[in-house]
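Worksheet: one structure, shown below.
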Amino acid sequence: MSAATPTVKAVLEDTPYLVSFTDDLGHAWCADEPAELGGGNAGPTPERLVLSSLGACTAITLQMVAARRQLPLTGIEVVLQLTPGGKPEAGNDIVRRIALHGELNEEQRAQLLKAANACPMHKLLTGEIRIDTALTG
């Protein structure tokens, strides 16, 4: 497998709800459920992993854009929440708040907001997603 096709393998461990992940680039991480739901709280929940993907992509994209345009961006903080107002009738809501640090003017801030809304994970999460599922083995 190549880096061109992101691939992740998830394996349910012997501990209830603990899932170990590995990817095609050799990274390893885990997910779990909190203790009050029967898990061991050994890692973030699946919802938090999705939010972290968007947060990471947002911060990385903004850093890349700022470097390419030589903007005086000195730091980025992204806070994400899933349906903070409760589950809507349809779909889901992600609230993303981005703090930009540095001596940026309003035009530069607007450029970075536009870039945040164009980051690859933003596009993935707001676009059509098809999941082809099959049982193996």
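Computed from the coordinates by the stated procedures, all read-outs in this text should not be read as laboratory data. These numbers come from a predicted model, not from an experiment. Cβ placement follows ideal geometry from the backbone for every residue including glycine, while neighbour counts extend to all protein chains displayed.
Structure data summary
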{"read-out": "Hits in the range 10-46 (condition: under 22 Å from Leu82 (Cα atoms) and aliphatic (A, V, I, L, M))", "value": "Leu18, Val19, Ala31, Ala35, Leu37, Ala42"}
{"read-out": "Filtered residue count, the range 22-39, keeping only those that are over 23 Å from Ile131 (Cα atoms) and either in contact (Cβ under 8 Å) with a residue 12 or more places away in the chain or touching a His at 6+ places or on another chain (Cβ under 6 Å) (or both)", "value": "4"}
{"read-out": "Failed condition for Pro88, given (1) surrounded by 11 or more Cβ atoms within 10 Å (Cβ to Cβ); (2) under 30 Å from Leu100 (Cα atoms)", "value": "(1)"}
{"read-out": "Near pairs, Cβ below 9 angstrom, 6+ apart or cross-chain, from the range 116-128 (on the phi < 0 side of the Ramachandran plot) to any residue that is basic (Lys, Arg)", "value": "Ala116/Arg96; Asn117/Lys123; His122/Arg96"}
{"read-out": "Set Val65, Val8, Val19: member being in contact with an Asp or Glu (Cβ under 8 Å, 6 or more places away or on another chain), aliphatic (A, V, I, L, M) and either touching a residue at least 40 places away in the same chain (Cβ under 8 Å) or loosely packed, with under 13 Cβ neighbours inside 10 Å (or both)", "value": "Val8"}
{"read-out": "Filter pass, Ala110 being within 21 Å of Cys57 (Cα to Cα), over 15 Å from the mean Cα position of the chain (by Cα) and without any contact (Cβ under 8 Å) to a residue 12 or more places away in the chain", "value": "yes"}
{"read-out": "Residue within the range 40-51 that is hydroxyl-bearing (Ser, Thr, Tyr), touching a His at 6+ places or on another chain (Cβ under 8 Å) and in contact (Cβ under 8 Å) with a residue 12 or more places away in the chain present", "value": "no"}
{"read-out": "Positions within the range 96-137 being among the hydrophobic types (A, V, I, L, M, F, W, C), under 18 Å from Ser53 (Cβ atoms) and surrounded by 12 or more Cβ atoms within 10 Å (Cβ to Cβ), in sequence order", "value": "Ile98, Ala115, Ala116, Cys119, Met121, Leu124, Leu125"}
{"read-out": "In the range 35-46, the residues that are loosely packed, with under 15 Cβ neighbours inside 10 Å and out of contact with any helix residue (DSSP H, G or I) (no Cβ under 6 Å at 6 or more places or on another chain)", "value": "Ala35, Glu36, Leu37, Gly38, Pro46"}
{"read-out": "Number of the exception - Thr136 against (1) in a loop (DSSP other than H, G, I, E, B); (2) in contact with an Asp or Glu (Cβ under 8 Å, 6 or more places away or on another chain)", "value": "(2)"}
{"read-out": "Filter pass, Arg68 being over 18 Å from the mean Cα position of the chain (by Cα) and farther than 20 Å from Gly55 by Cβ", "value": "yes"}
